[in-house]
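Data first, discussion second: the structure below is written as structure tokens.
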Amino acid sequence: MSGLDILIGKSLDAIIRENLGEITLRRVEQRLFERYGMGLSKTIEDFPKLDSVLREFFGGGTEGLEKKFLDGIVSLEHSKDKNQEWVTIEDPILATSILTSLGDEDKAKILNAVLGESKVISEILETCNLPQTSGYRKVNSLIENGLLVNEGFMTTRDGKIVNKYRTVFENIHIDIVKNSVIIRILVSHQSLKNSSVMQIVCSS
Amino acid sequence: MSLTDLNTVRKGLVALSVEQTLLEIGGGKLLNEVLTILFEKYHSYLPNCYENPEYLIGACKELGEGLSKEIRRSLRKRLEEFSYQGQIEYFLTRLSEIEYMRLPNPRVN
């Protein structure tokens, strides 16, 4: 599952539940269990499975429905740079979650340490001068929220393979205009390509 | 390379927290009422309440004495994990202080 999918996942889950209505949601969840033995939240992590069940219910209208769900979460801004795109976060809950991470001084240090280059966790904690226990907890929280993604690995002297991590975005802009807080993240084409959810946004 | 200015992050975080608190307490209607008072009486927008918490309390008090108390409590809960940061704690403390003080006259630009 790609970092962008994790980042968007919770918001998508909430928006689908809000929009489908109680009866349809129950039927969709029932079908997901029958076909894949998973609930809605789990299949969002494996979006093609959810897509295939939604197609059983909504047929040709599925794409439009999925786009409607995603319009409330993110929008894509086509940039001049062919390797990167700006993604605007439309969902206030997701925006708050990103700001909550950036507002935590230790998490902000961690994100800064792996912006543009992947590192193993011990290296990140050393760069940021963070204690092991709380440092690991904060790194794990950033991974769980999709802000840090696995990119490559290294082999230690004793032969152990350790994952390397970096930020899901290449850059981030926060603009405060009148009553709005606008968060835009710069993501690589590769990240967009790896995200099954973002592929729906890209296809519009 | 640095991600973003921490003050903008805090201001954005406070603005979104206030917005969500208002939506939770009174839905879109309450949010719009507060935004209108902020603009008409204080010539301000929601994010300006970070530097000027008195505007938020003033707007809420106009809509009901109990409302400002409820919003202050809810905001403290939401922002508690950041209260170790001076500016956020200052914002929360100012909210409490202002609630019990006579409000200043609206700023005229």
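No lab work stands behind these numbers, since they all come straight from the coordinates. Predicted, not measured: the structure shown is a model, and the values here were computed from it. As a convention, Cβ positions derive from the backbone with ideal geometry for all residues, glycine included, and neighbour counts pool all protein chains shown.
Exactly one residue among B:L56, B:L3 is crowded, with 17+ Cβ neighbours inside 10 Å and assigned to a loop (DSSP other than H, G, I, E, B), and that residue is B:L3. The combined condition, being within 11 Å of chain A (Cβ to nearest Cβ), under 10 Å from the mean Cα position of the chain (by Cα) and within 21 Å of B:Y100 (Cβ to Cβ), is fulfilled by B:C49. The requirement of being out of contact with any Asp or Glu (no Cβ under 8 Å at 6 or more places or on another chain), in a loop (DSSP other than H, G, I, E, B), closer than 16 Å to A:S75 by Cβ and within 14 Å of chain B (Cβ to nearest Cβ) is fulfilled nowhere in segment A:177-192; no residue meets it.
Picking from A:L102, A:L130, which residue would you name as being aliphatic (A, V, I, L, M) and away from chain B (no Cβ under 14 Å)? Being aliphatic (A, V, I, L, M) and away from chain B (no Cβ under 14 Å) holds for just one of A:L102, A:L130, which is A:L130. Note on segment B:1-16: among residues that are more than 7 Å from every other protein chain (Cβ to nearest Cβ) and touching a residue at least 40 places away in the same chain (Cβ under 8 Å), the one that is nearest to B:E70 (Cα to Cα) is B:V14.
More than 24 Å from B:S17 (Cα to Cα), assigned to a helix (DSSP H, G or I) and not hydroxyl-bearing (S, T, Y) - does that describe any residue in segment A:95-104?
So in segment A:95-104, the residues more than 24 Å from B:S17 (Cα to Cα) come out as none.
No, there is no match, as no residue in segment A:95-104 is more than 24 Å from B:S17 (Cα to Cα), assigned to a helix (DSSP H, G or I) and not hydroxyl-bearing (S, T, Y).
Can B:L38 be described as buried (at least 20 other Cβ atoms within 10 Å of the Cβ), over 22 Å from B:F82 (Cβ atoms) and free of Cβ contacts under 8 Å to residues at least 24 places away in the same chain? Lay out the reasoning, then the answer.
Numbers: buried (at least 20 other Cβ atoms within 10 Å of the Cβ): yes; over 22 Å from B:F82 (Cβ atoms): yes; free of Cβ contacts under 8 Å to residues at least 24 places away in the same chain: yes.
Answer is yes for this residue.
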